[in-house]
């Protein structure tokens, strides 16, 4: 089975992962111990998810790609007339 992923979605995912990696590699210098500071895994995942969410909302990515194509499904028109005798 082949799953086609929109290139915009892949780009958003890659940007989020890169920002999360940067947040993990450059932790804040709040530790006073002599050991080098370690990255915060939960914080970097939160940053990555936040970036992905914001970019998806700004670029209006919707499931099915309807926003990118500009097509909105319309319901069939039905008649409201009564045909009873």
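The values are calculated or read from the model by the stated rules, or taken from the named source; none is laboratory data. No experiment lies behind these values; they were computed from the predicted model shown. Heads up, the Cβs are rebuilt from the backbone with ideal geometry, glycines too, and the neighbour counts pull from every protein chain shown.
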All but one of (1) at pLDDT 90 or above; (2) not in a helix (DSSP H, G or I) hold for residue 15; which doesn't?
(2)
Consider region 53-78. How many of its residues are modelled with pLDDT under 70, outside any helix (DSSP H, G or I) and within 22 Å of residue 5 (Cα to Cα)?
6
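Answer yes or no as to whether residue 41 is under 27 Å from residue 9 (Cα atoms), surrounded by fewer than 13 Cβ atoms within 10 Å (Cβ to Cβ) and at pLDDT 70 or above.
Numbers: under 27 Å from residue 9 (Cα atoms): yes; surrounded by fewer than 13 Cβ atoms within 10 Å (Cβ to Cβ): yes; at pLDDT 70 or above: yes.
Judged against the criteria, residue 41 is a match.
Quick one: which residue in 20, 50 is at pLDDT 90 or above, assigned to a helix (DSSP H, G or I) and in contact with a helix residue (DSSP H, G or I) (Cβ under 8 Å, 6 or more places away or on another chain)?
On the way: 50 fails: in contact with a helix residue (DSSP H, G or I) (Cβ under 8 Å, 6 or more places away or on another chain).
Checking each option against the conditions leaves just 20.
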